[in-house]
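Report on the following structure.
The values are calculated or read from the model by the stated rules, or taken from the named source; none is laboratory data. In this text the structure is predicted, and so the values were computed from the model without any measurement. Neighbour counts are summed over all protein chains in view; Cβ atoms, including those assigned to glycine, are modelled from backbone coordinates with ideal geometry. Just the protein is used for accessible areas: all its heavy atoms, side chains included, with ligands, DNA and RNA removed. Shrake-Rupley method; radii C 1.70, N 1.55, O 1.52, S 1.80 Å.
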Amino acid sequence: MQKTDNYSLKNASWGFKIFSTLAIFGSVAFLAWSWRVSLGVIKMNRPSDLCVLLGDDLWALAHYKTPLFIWLYCFQAFGCIGLYVTTRILFQRSALRRRMKKLLQATTTALLVLNQLVWITAPFLRFSQTLAGYVGLACAVAMIGLTLPPLFQMWFYKRWPNPKPSRIVIVGGGFAGVYAALGLDKALGYHPHLEVTVIDRKNFFLFPPLLPSAATGTIEMPQVTQSYRRIFEITNIHYKKATVTKVDPKTRTVRMHVHLEGEDMEREQEAAEVDLAYDYLVLAPGSTNQTFNTPGAENHAIFVKELKDAITIRNRIIDCFERAAVVQDETVRRELLRFAVVGGGPTGVEIATEIQDLIHEVLLKRYPEIHREHPEVSIIQSGPQVLPGWPPSVVRHTTEQLKKLGVKLILNNRVMEVRHNAVILKEGAAIATRSILWCAGVKPSPLLAACGLPLDKSGRVAVDEFLRVPDVKNVFVLGDSALCLGADGKPLPALGQVAFQQGDHMAKNLARLLSGQALKPFKYFDFGALVSVGEHYAAVNLLGIKLTGFLGWFVWRTLYLAKMIGISTKVRIMVDWTLDLFIERSIAVIDESPHSASDNPQHLPEPAGRLYS
């Protein structure tokens, strides 16, 4: 494997570091001395704005002492250019994102050129005289700022002491996998004998908490994703897009299935099997949808877990409105405009309220054929309340807000069967609908059954207090796949905050293990929970502090934004949230398949009722 050292400054030789540091400080000293000489020659000792006085005195100096002005210009130009060249060479080797490097270098180059132009034209242009001091100061600050990343990366870091060859493979790129990889990279850094590899069947990290917002157009679909190769751009983590099909703890190998044709091709897939050896394995394959063996759920329900699910939900809602605007049969129209959400947890509450907002804030304005009373959004919950396990006050406020929004609550009711046009409840009651959204829970990834590890009755792998498999000390299991007991002796829930805390802790423990230090037990800290309940309203239980309404909504958005990976993604989400206040969302149906069913008449379903001629 060809390896790129993204920590070349940290791993540079002592001679290179000392010489580079002396060159930087020497250039800074020369630049400061040239400015001191300039100020001394033109006698800028007045208690006034030096930046303003510099331009005036440069004009006088250029007219009355031209040779001295030329010498001063050469001094400051040589100091600036010397510092610029020195820092640019080192800056190119610093571990910063490419676009950030380009932006900082372009800004500094522009200021340097502008500074020279101002000095040259100051004797002739009043505008240049005014800018001279300010541009010079900005140029010096920018160039000195370029020296900080290289100096910091050369001298302030933690090196992995006396490393032995280690191959670390992380299966799964969710919260647990990504935080584990980034934590290992931070703790261990680069070494020729160290390999950290992340394997995932997707090439992007997905932020599931914002899927309901993406499904209804509050934010664009790509904003809830971030490419792994971009996340790991300034690290020494390797990423492989493949599907792990088997793990053999005895031979310490991971078997990967790699599609050689596009996965959306209709013909039989050509694939290759690749084995990857490891010394330490981190299993974090996540979870899949839990249907509780409900008949028809797998075939007729829409899940809210993957990006394609968000696309399907968006298309289904809009397409149902389009069909309802044409269908004349009142019964069928009501069936098309009824949306049933199975599961009253945070995801169910959020997707239900997002759909309700989309209907009443956007769709009803665009479909005059549909009466406001016809659309119906309901939440079906098997227990006596939504948000089971949450504080009673938060549940009460959330329930009141749901009723205020017009979301119908069907409590103490279990779904017995899912059909293509109905949800069958216990005792035979039925809800006629073409849109069933399943948010009733998750179960461990089926990959665990092919890992040769002992599973409990829930299908998860039991781990010790260090997040390791008890009998297989070189295998860690994290996130939804791990049966990890909390301080109360109960299994920790399948939550994102559990996963990223485990990923970060495991990285530190594995670094200790490689360094021969004692491991520390994992202790989960419950920060609380938060859920959006419609536009400008959220319920938050954070560190025991309970917030609802607009303040809760503000906290909800702020915390989710902080957990997003990547500055560019955070900026795009903020832009989308801002634009949503002023610009109406798109209601175009996005086809997620290579061939639209509407292009082929034989794939169209039979009309459900009479159509207008």
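Data overview
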| item | result |
| --- | --- |
| Over 26 Å (Cα to Cα) - which of K246/K490; K202/K520; K403/K426; K457/K546 fall in this group | K246/K490; K202/K520; K457/K546 |
| With all protein chains modelled, accessible area of Y134 [1.4 Å, Å²] | 100 |
| Correct choice for Cα Rg over 2.2 N^0.38 Å that was computed from the model, options (1) 1.22; (2) 1.07; (3) 1.16 | (1) |
| Stretch gain in nm, segment Q328-K490, where the contour uses 0.36 nm per residue and the Cα spacing is subtracted | 52.9 nm |
| Within the range 297-311, backbone nitrogen closer than 17 Å to the virtual label 7 Å beyond the Cα of T243 toward Cβ | 306-309 |
| Gained length - S227 relative to F550, 0.36 nm times residue gap less alpha-carbon distance | 113.0 nm |
| From phi via Karplus (6.51, -1.76, 1.60), per-residue ³J(HN,Hα) for the range 362-371 in Hz, x at Gly/Pro | 10, 5, 4, 6, 9, 10, x, 6, 9, 6 |
| Degrees between helix 392-405 axis and first principal axis of the chain (Cα, 0 to 90, nearest 10) | 80 |
| Accessible area in the full protein assembly, largest first, 1.4 Å probe, for S8, S382 | S382, S8 |
| Where labels lie 7 Å past Cα in the beta-carbon direction, separation of A432 and R126 in nm | 8.2 |
| Label-point gap, in nm, between D580 and L543 - each point 7 angstrom along Cα→Cβ | 2.6 |
| Inter-part distance where the range 421-487 and the range 302-344 are each reduced to a Cα centre, Å | 28 |
| With every protein chain in place, the chain: carbon and sulfur % of accessible area (1.4 Å) | 59 |
| Counting DSSP beta bridges with both ends in the chain, the antiparallel % (nearest 5) | 55 |
| For the chain: relative contact order, % (alpha-carbon pairs under 8 angstrom, 6 or more apart) | 14 |
| Distance violations [Cα-Cα > 23 Å] among K164/K508; K308/K570; K365/K570; K473/K523; K305/K523 | K365/K570; K305/K523 |
| R0 of 41 Å, Cβ-Cβ distance T558-L68: FRET efficiency to nearest 0.05 | 0.15 |
| Gain upon complete extension [E361, L114; 0.36 nm per residue less C-alpha separation] | 83.9 nm |
| Solvent-accessible area per residue, Å², over the chain with all protein chains present [probe radius 1.4 Å] | 50 |
| Spin-label pair Q517/H536, simplified geometry with 7 Å Cα→Cβ offset, distance in nm | 5.0 |
| Prolate/oblate/rounded call for the range 104-210, Cα gyration tensor, a/c under 1.5 rounded | prolate |
| For E400, solvent-accessible area (1.4 Å; no DNA, RNA or ligand), Å² | 100 |
| Accessible-area value, V555, 1.4 Å probe, nucleic acids and ligands omitted, Å² | 30 |
| Other-chain or far-sequence residues with amide H under 5 Å of G528's (modelled H) | L543 |
| Förster radius 30 Å - calculated FRET efficiency between E273 and K457, Cβ distance, rounded to 0.05 | 0.45 |
| Alpha-carbon centroids, the range 181-198 and the range 84-111: separation in whole Å | 25 |
| Rounded to 5, percent antiparallel among DSSP beta bridges of the range 129-226 | 25 |
| Crossing angle, helix 50-64 versus the chain [Cα axis fit, 0-90 degrees, rounded to tens] | 40 |
